Amino acid sequence: MNDVTAPNGGIAGLHVAPLSGNAVAFATLGFPRLAPVLDHLEAPWVAVGATVGGLPAGLALGQIQDDGARLLSLTVARSLRNRGIGRTLAAGWGRAAAAAGASGLITAFSDKLPERAALAATLSAAGWTAPRLTHVRAIGEAAPMVEAVGNWPSLAGRLRDPGGFSFDAWRTPDADDRAAVAALAAEPDHHPLMHPDVRAERIEPACSIAVRRQGVLVGWVLAERADSVPLDGYRDRPAIDYRSAYLARSLWHTGMLVGAYWHAYARQVAAFGPTSIAMFGTMFPRMMSLVRRRFAPISLRVDETFEMIRQPAAGSP
């Protein structure tokens, strides 16, 4: 790439080009945890740098992954922002990713990111889609969740009269359960990371639930002990991460997945105490809406993740 001028015509001598090898001069641009990558840039990393007068002015950094090229950081020096460098970097990074074989571009960011509005505006100007909510994660104390969920009018009756559903302690699947898991894993809404075999050795039996209907396995809520709690003042609490939850697609309307969570939380309170921390996330639109509406008021924190994509990976015009 040759010298380019920002789209709004503001900066002479702006140079945007792919980076390789030693790019430590750009280490102050972007997330500190990614800085070591710049010591020796090589595949699958894709980086594009902007300089003005030979000095680092911006950095777009990402990685080629199975689902395309994932943009992990887009940063412009504070004194040079709002002059089109970010859009130019995004376009250059898209072209570099396409040259590296990526068929599409993707990025994800949290609602807690202070610069999220500026990032979304910059990528939108470079031809990316509007931000789409893709994941919601709640963190809260177990006892308030048990109390609140158990008192929801739409759920309380179903918990008293589950109508053929049972919520049993999770066990190592037998042959019948294996066949049921295989059928559930074949449903189009099931994500591979939800499979009970993933991290099976870390499943916490005290608060993992098998959902059955007339004795047949139709879903689960699987928990594991969390290494830490990402909240100041709560880091020394025992914590459970509900890393997988699924219910047969034909039963989503029953609300029994929420019922399974209730049973899991109740078991957590009994095993680890009422102030232990429960963490769970969902990518399903109906569940994300439920978390926003029902769980957010009783949670210590709710994090939302948004995605933007661009197809094909050719950069902006």
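The values are calculated or read from the model by the stated rules, or taken from the named source; none is laboratory data. Nothing here was measured: the structure is a model prediction, and the numbers come from that model. Backbone-built Cβ (ideal geometry, glycine too); neighbour counts: all protein chains shown. Each accessible area value is taken on the protein alone, full model and side chains, heavy atoms only, with ligands, DNA and RNA left out. Shrake-Rupley method; radii C 1.70, N 1.55, O 1.52, S 1.80 Å.
Residue-level check: of (1) aromatic (Phe, Trp, Tyr); (2) buried (at least 20 other Cβ atoms within 10 Å of the Cβ); (3) over 21 Å from the mean Cα position of the chain (by Cα), Trp252 misses just (2).
Quick check, is Tyr246 under 23 Å from the mean Cα position of the chain (by Cα), open to solvent by less than 50 Å² (accessible area, probe 1.4 Å) and at pLDDT 95 or above? Yes; evaluated as a whole, the condition is true for this residue.
The number of residues in region 262-289 being of a type in the set (D, E, K, R) and either closer than 21 Å to Ser166 by Cα or not in a helix (DSSP H, G or I) (or both) comes to 1. For region 161-187, a tally of residues being open to solvent by less than 30 Å² (accessible area, probe 1.4 Å), acidic (Asp, Glu) and touching a residue at least 60 places away in the same chain (Cβ under 8 Å) returns 0.
When region 198-217 is filtered for residues that are open to solvent by less than 80 Å² (accessible area, probe 1.4 Å), farther than 13 Å from Ala169 by Cα and without any contact (Cβ under 8 Å) to a residue 40 or more places away in the chain, only Ala200 remains. Residues in region 48-92 that are of a type in the set (Lys, Arg) and under 28 Å from the mean Cα position of the chain (by Cα): Arg70, Arg78, Arg81, Arg87. The single condition from (1) open to solvent by 30 Å² or more (accessible area, probe 1.4 Å); (2) modelled with pLDDT of 95 or more that Ala223 fails is (1). Scanning region 103-114 for residues that are assigned to a loop (DSSP other than H, G, I, E, B) and either open to solvent by 30 Å² or more (accessible area, probe 1.4 Å) or modelled with pLDDT of 95 or more (or both) turns up Ser103, Asp111, Lys112, Leu113, Pro114. Of everything in region 30-48 that's in contact with a Gly (Cβ under 7 Å, 6 or more places away or on another chain) and within 24 Å of Arg87 (Cβ to Cβ), which residue is modelled with the lowest pLDDT? Applying the filter and picking the extreme gives Leu41. Annotation note: of Ala100, Ala91, Ala126, Ala117, the sole residue that is out of contact with any strand residue (DSSP E or B) (no Cβ under 7 Å at 6 or more places or on another chain), surrounded by fewer than 22 Cβ atoms within 10 Å (Cβ to Cβ) and of a type in the set (A, V, I, L, M) is Ala117. Ala117 meets the conditions (1) touching a residue at least 12 places away in the same chain (Cβ under 8 Å); (2) over 19 Å from Val16 (Cβ atoms) in every case but one. The failed one is (1). Tallying residues that are among the small types (Gly, Ala, Ser) and in a helix (DSSP H, G or I) within region 248-261 yields 3. What number of residues in region 268-312 are hydroxyl-bearing (Ser, Thr, Tyr), open to solvent by 20 Å² or more (accessible area, probe 1.4 Å) and under 24 Å from Arg249 (Cα atoms)? Total satisfying the criteria: 2.
If a residue has to be part of a loop (DSSP other than H, G, I, E, B) and closer than 21 Å to Glu115 by Cβ to count, how many in region 31-63 make the cut? Residues flagged as part of a loop (DSSP other than H, G, I, E, B) and closer than 21 Å to Glu115 by Cβ within region 31-63 amount to 1.
Of the residues in region 243-252, at least one is farther than 20 Å from Leu193 by Cβ and in contact with a strand residue (DSSP E or B) (Cβ under 8 Å, 6 or more places away or on another chain). Return only the number of the condition from (1) in a helix (DSSP H, G or I); (2) open to solvent by less than 10 Å² (accessible area, probe 1.4 Å) that Ile139 does not satisfy. Here Ile139 clears every test but (1).
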